[in-house]
Amino acid sequence: MPRKSKAKTSRGKTRRNVSRRPRWTRLLLSVFLLGGLLVGGYTLYLAHEVRVKFEGKRWAVPARVYAQPLELFAGLPLSQARLRDELQALGFRQVRHPRQGGQWSRAGDRYLIYTRPFLFWDGEEQGRLLALRFAGDQLTELNDGASGRALDIVRLEPAEIGSIYPAHREDRVLVRRDQLPDALVQGLLAVEDRKFYEHHGIDPVGIARALWANLRAGRTVQGGSTLTQQLAKNFFLTQERSLWRKANEALIALILEARYDKDEILEAYANEIYLGQDCQRAIHGFGLAAHFYFGRPLAELHEPEIALLIGLVKGASYYNPRRHPERARARRDLVLDVMAERGVIDANQALRARQAGLGVTARGKRDSATYPDFVDLVRRQLRRDYREEDLTSEGLRVFTTLDRWAQQQSERLLADQLERIEKQRRLPANTLEGAVVLANPQSGEITALVGSRLAGYAGFNRALDAVRPIGSLVKPAVYLTALSASGGHTLISQLDDTAVALRDEQDRLWEPKNYDETEHGPVPLHVALAHSYNLATVRLGLDLGLGKVIDTLESLGVERDIKPYPSLLLGSLSLSPLEVAQMYQTLAAGGYRSPLRAIREVLDSSGQPLQRYPLEVARAADAGAVFLLNRNLVEVVRDGTGRGLSHYLPGVELAGKTGTTNELRDSWFAGFGGDRVGVVWVGRDDNQSTGLTGSSGALPVWGRVMAALDVQPLQANLPVDVAYEWINPQTGELSAEDCNGAVAFPFISGTAPSSSDGCRGSFGIGNVFRRWFE
């Protein structure tokens, strides 16, 4: 029995041992299975995330904003300095003989320019060699440089003046795989990932080699990540340093290699890689980096420049060529050595490239700070038609009305004149501020807009947001009302320039004064406006009715709510410089209002038109009345408060009006010639007195800007219902040429005096115009 019992015990133990083995095996299998399911599920999740992000809209590409293109044609008034400035802004290089796009040469008054192709809204402008000849400040010949054939008109590519960025402030210029230079691709692979076309996302041998090198050096001297891993880290992950992030990086790299071909991965890497910082703007991709560091497209770079960009991959901040040129050069030369070693370039190319300078521009190109005030206006006008996310992510191409030369002159001369005034009046530096708006009178296109004396710095945009009393700039609206059919006045109507007293809107006694504090009694209407008499203007406006004056202001383009207070007649109305420019554009265009605009066309990222901004014109005022008013505004400049313009523009026929507000807080000048209308405001941000009138503050700025831009004389197109008559200035009666000092005045049909001083005779219209202009 004992033996039997023992046998049972032995068999029992055997059974227990046998039963335990399957239980642990099943547990281990379950763990492995569960782990496999988790890893597999996570891999599927990552694969889905990679597909969604990689195949969707990969990047939020900012809207690009362009200036007007420079249009060349024989007979164009164009200084050689302006042409060279335009070429510099476009990143063209001066060479001995142009052989590719983006190059130019000069021999005396002759220029050869090899243009780049560019897709405009109305078609593509082909790249070609141009031959130009100048005579003074005029382009006299424009020929095809290859055939010698005369060309009618050629557009240069427009300069990029800014971008509208997404919230994360990343910027890039997207390039396709076939747009990447071979030297860049081969050099990048030689330095960063020699087995790119052999591995499947990760390179175990490379990782082991880097680990061994780092252990021997005692620090990180070599990286083992492939280009695909770098793309996975930069595009999908954060910069966190952890084993979990590294594992995700490797897994995503494997997924990318399994789903996409090498060229797709390389293209994505070339557009994603971080290569620098421009204040708050992050520079991503080789396409933008070429512009940022060298001011030229990627396709125009040579070996030393390409090597520098490749070198920045290792550390864009550490090797920043503008801040650390010695480091950058050493890194570039190392890249050149590697490129030569791997056969990307030969030894002679490497030697020449090492001897070259860095070639980096002083300031990054394609930045948003070039003309921030104008771009601010563009952005506001775009918001009428586009969502903010479209502007910051869809890669729109916005073609604007900006004339770069006019903008630069306006910025420079505003700052210079304000500094002069401060020195002359012993004011602390930067006490005064100012704004300038220039536009085309006929089209309403805004050609320049300056919102601060500190050009290139985004901030308070005074051209758009400094809403200040406009002073005597309102007076042309009063006098236009008087000269219209319902006003019943002519330029020689007698006005009463004597004291007036009335209660204002707060029941306070309002007693306006003339600037010279003198009453002038009966004065002709044209004299009252030319010399900006306040008393005559107030009496005239009250006689006409405030409602009619407000109607005129609204027809001229003022959209604000205007209170019918008597002080309106002397400019208590507050407007921005842009709004004033709209008023005077209507006058400059002979009574036709064209809404001021900063945008011409908008294209999507593929070059298809999205939105057109055509010319809009509306009749706002009677042509005859506007003609009479404008002749009066010529008198303002010739003999009245604007006569100081003759110092800057002698002999040039211009029309304009000064404006000064209470306690000399605001100084204004608005005026126009044949091809430009402009408004200048000078004041202080703290609204304290400047001590300046319109004549002493804003007018010199306006005059210097218009002189620099060679403003064309005002052309007087006589309306069909307007005729000139000789008038005796003493009696206001009809007279004849050379009788009693007679002066010719324009009259709308049926409004000329009926009485004569007895010297009535015939006259030639040419003599009339000559006498009037003199």
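Among the candidates Gly434, Gly456, which residue alone is farther than 30 Å from Arg539 by Cβ, assigned to a loop (DSSP other than H, G, I, E, B) and either touching a helix residue (DSSP H, G or I) at 6+ places or on another chain (Cβ under 9 Å) or not acidic (Asp, Glu) (or both)? Working first, answer last.
Details: Gly434 fails: assigned to a loop (DSSP other than H, G, I, E, B).
The unique qualifying residue is Gly456.
Quick check on my filter: what residues within the range 344-361 are within 16 Å of Ile310 (Cα to Cα) and open to solvent by 60 Å² or more (accessible area, probe 1.4 Å)?
Across the range 344-361, the qualifying residue is only Arg354.
Would you say Glu249 is open to solvent by less than 60 Å² (accessible area, probe 1.4 Å) and either closer than 22 Å to Tyr319 by Cα or modelled with pLDDT of 85 or more (or both)? Working first, answer last.
Details: open to solvent by less than 60 Å² (accessible area, probe 1.4 Å): yes; either closer than 22 Å to Tyr319 by Cα or modelled with pLDDT of 85 or more (or both): no.
Judged against the criteria, Glu249 is not a match.
Have a look at Ile283, Ile310 and point out the one that is open to solvent by less than 10 Å² (accessible area, probe 1.4 Å), of a type in the set (A, V, I, L, M) and outside any helix (DSSP H, G or I).
Matching residue, one of Ile283, Ile310: Ile283.
Restricting to the range 286-307, and then to whatever is aliphatic (A, V, I, L, M) and either within 26 Å of the chain's Cα centre (by Cα) or open to solvent by less than 10 Å² (accessible area, probe 1.4 Å) (or both), can you tell me which residue is farthest from Thr370 (Cα to Cα)?
Among those that are aliphatic (A, V, I, L, M) and either within 26 Å of the chain's Cα centre (by Cα) or open to solvent by less than 10 Å² (accessible area, probe 1.4 Å) (or both), it is Ala307.
From the set of residues in the range 494-530 that are out of contact with any His (no Cβ under 9 Å at 6 or more places or on another chain) and small (Gly, Ala, Ser), which is farthest from Asp666 (Cα to Cα)?
Checked the range 494-530; the qualifying residue farthest from Asp666 (Cα to Cα) is Gly521.
Inspect the range 169-192 for any residue being more than 28 Å from the chain's Cα centre (by Cα), in a loop (DSSP other than H, G, I, E, B), more than 27 Å from Gln608 (Cα to Cα) and of a type in the set (D, E, K, R) and give the result as yes or no.
Checked the range 169-192: no residue is more than 28 Å from the chain's Cα centre (by Cα), in a loop (DSSP other than H, G, I, E, B), more than 27 Å from Gln608 (Cα to Cα) and of a type in the set (D, E, K, R).
Based on this model, can you work out whether Leu615 counts as open to solvent by 30 Å² or more (accessible area, probe 1.4 Å), in a loop (DSSP other than H, G, I, E, B), in contact (Cβ under 8 Å) with a residue 24 or more places away in the chain and under 22 Å from Val677 (Cα atoms)?
Yes; evaluated as a whole, the condition is true for this residue.
Could you go through the range 76-87 and let me know if any residue there is part of a loop (DSSP other than H, G, I, E, B), among the small types (Gly, Ala, Ser), in contact (Cβ under 8 Å) with a residue 24 or more places away in the chain and crowded, with 21+ Cβ neighbours inside 10 Å. Working first, answer last.
Start the filter on the range 76-87 by keeping residues that are part of a loop (DSSP other than H, G, I, E, B), which leaves 78-79.
Now drop any that are not among the small types (Gly, Ala, Ser), which leaves 79.
From the residues that got through so far, the ones that are in contact (Cβ under 8 Å) with a residue 24 or more places away in the chain too are 79.
Imposing the further condition that a residue be crowded, with 21+ Cβ neighbours inside 10 Å reduces the set to none.
The answer is no; no qualifying residue exists.
For the structure I just gave you, tell me whether Arg241 is charged (D, E, K, R), open to solvent by 50 Å² or more (accessible area, probe 1.4 Å), modelled with pLDDT under 90 and assigned to a loop (DSSP other than H, G, I, E, B).
For Arg241, the condition - charged (D, E, K, R), open to solvent by 50 Å² or more (accessible area, probe 1.4 Å), modelled with pLDDT under 90 and assigned to a loop (DSSP other than H, G, I, E, B) - is met.
Considering only residues that are more than 12 Å from Gln408 (Cα to Cα) and in a strand (DSSP E or B), which ones fall in the range 439-453?
Ala439, Glu445, Ile446
So how many residues does the range 551-583 have that are open to solvent by less than 20 Å² (accessible area, probe 1.4 Å), of a type in the set (A, V, I, L, M) and assigned to a helix (DSSP H, G or I)?
7
Are any residues in the range 673-703 surrounded by fewer than 21 Cβ atoms within 10 Å (Cβ to Cβ), in contact with a Phe, Trp or Tyr (Cβ under 9 Å, 6 or more places away or on another chain) and either closer than 19 Å to Gly644 by Cβ or without any contact (Cβ under 8 Å) to a residue 40 or more places away in the chain (or both), and if so, which ones?
Ser695
If we scan the range 374-384, do we find a residue that is surrounded by 20 or more Cβ atoms within 10 Å (Cβ to Cβ), without any contact (Cβ under 8 Å) to a residue 60 or more places away in the chain and in contact with a helix residue (DSSP H, G or I) (Cβ under 7 Å, 6 or more places away or on another chain)?
Looking through the range 374-384, none of the residues is surrounded by 20 or more Cβ atoms within 10 Å (Cβ to Cβ), without any contact (Cβ under 8 Å) to a residue 60 or more places away in the chain and in contact with a helix residue (DSSP H, G or I) (Cβ under 7 Å, 6 or more places away or on another chain).
Could you please let me know if Arg332 is of a type in the set (Lys, Arg), farther than 21 Å from Ser163 by Cβ and buried (at least 22 other Cβ atoms within 10 Å of the Cβ)?
yes
Which one is most open to solvent (accessible area, probe 1.4 Å) among residues in the range 426-451 that are in contact with a Lys or Arg (Cβ under 8 Å, 6 or more places away or on another chain) and on the phi > 0 side of the Ramachandran plot?
Among those that are in contact with a Lys or Arg (Cβ under 8 Å, 6 or more places away or on another chain) and on the phi > 0 side of the Ramachandran plot, it is Asn430.
Scan the range 484-509 residue by residue and report those that are part of a loop (DSSP other than H, G, I, E, B) and within 17 Å of Pro522 (Cα to Cα). Spell out the reasoning first.
Taking the range 484-509 as the starting set, the residues that turn out to be part of a loop (DSSP other than H, G, I, E, B) are 484-493, 498-501, 504-508.
Hits for the range 484-509 are His489, Thr490, Leu491, Ile492, Ser493, Thr498, Ala499, Val500.
If the requirement is being touching a helix residue (DSSP H, G or I) at 6+ places or on another chain (Cβ under 9 Å), at pLDDT 95 or above and closer than 28 Å to Leu90 by Cβ, which of these qualifies: Gln349, Gln417, Gln409?
Going through Gln349, Gln417, Gln409 in turn, the sole match is Gln409.
How many residues, within the range 501-531, are open to solvent by 20 Å² or more (accessible area, probe 1.4 Å) and either more than 46 Å from the chain's Cα centre (by Cα) or polar (S, T, N, Q) (or both)?
Summing the residues that are open to solvent by 20 Å² or more (accessible area, probe 1.4 Å) and either more than 46 Å from the chain's Cα centre (by Cα) or polar (S, T, N, Q) (or both) in the range 501-531 gives 11.
Test each condition in (1) at negative phi; (2) assigned to a loop (DSSP other than H, G, I, E, B); (3) at pLDDT 70 or above for Gly91 and report the one that comes out false.
With respect to (1) at negative phi; (2) assigned to a loop (DSSP other than H, G, I, E, B); (3) at pLDDT 70 or above, Gly91 is out only on (1).
Could you grab me the full set of residues in the range 151-166 that are farther than 23 Å from Thr370 by Cα and open to solvent by less than 70 Å² (accessible area, probe 1.4 Å)?
From the range 151-166, those farther than 23 Å from Thr370 by Cα are 151-154; that's our starting set.
Scanning the range 151-166 gives Leu151, Val154.
Can Ala670 be described as open to solvent by 10 Å² or more (accessible area, probe 1.4 Å) and among the aliphatic types (A, V, I, L, M)?
For Ala670, the condition - open to solvent by 10 Å² or more (accessible area, probe 1.4 Å) and among the aliphatic types (A, V, I, L, M) - is not met.
Can you pull out the residues in the range 398-425 that are in a strand (DSSP E or B) and either among the aliphatic types (A, V, I, L, M) or buried (at least 22 other Cβ atoms within 10 Å of the Cβ) (or both)? If you could, list the steps in order and put the result at the bottom.
The first filter runs over the range 398-425 and keeps only residues in a strand (DSSP E or B), leaving 398-400.
Correct list: Val398, Thr400.
Confirm whether Leu610 is in contact with a Gly (Cβ under 6 Å, 6 or more places away or on another chain) and either open to solvent by 20 Å² or more (accessible area, probe 1.4 Å) or within 30 Å of Phe374 (Cα to Cα) (or both). Show your work before the answer.
Numbers: in contact with a Gly (Cβ under 6 Å, 6 or more places away or on another chain): no; either open to solvent by 20 Å² or more (accessible area, probe 1.4 Å) or within 30 Å of Phe374 (Cα to Cα) (or both): yes.
Here the answer is no, as Leu610 does not meet what is asked.
Filter the range 123-154 for residues that are in contact (Cβ under 8 Å) with a residue 60 or more places away in the chain and either touching a helix residue (DSSP H, G or I) at 6+ places or on another chain (Cβ under 7 Å) or closer than 18 Å to Tyr66 by Cβ (or both) and give the result.
Scanning the range 123-154 gives a single hit, Val154.
So Ser646 clears everything in (1) open to solvent by less than 40 Å² (accessible area, probe 1.4 Å); (2) within 27 Å of Glu517 (Cβ to Cβ); (3) small (Gly, Ala, Ser) except one condition, right? Which one?
Going through the list (1) open to solvent by less than 40 Å² (accessible area, probe 1.4 Å); (2) within 27 Å of Glu517 (Cβ to Cβ); (3) small (Gly, Ala, Ser), Ser646 breaks only (1).
The values are calculated or read from the model by the stated rules, or taken from the named source; none is laboratory data. Since we're looking at a predicted model, the values are computed, not measured. Glycine gets a Cβ as well: all are built from the backbone with ideal geometry, and neighbour counts include every protein chain shown. All accessible areas refer to the heavy atoms of the entire protein, side chains included, with ligands and DNA or RNA removed. Shrake-Rupley method; radii C 1.70, N 1.55, O 1.52, S 1.80 Å.
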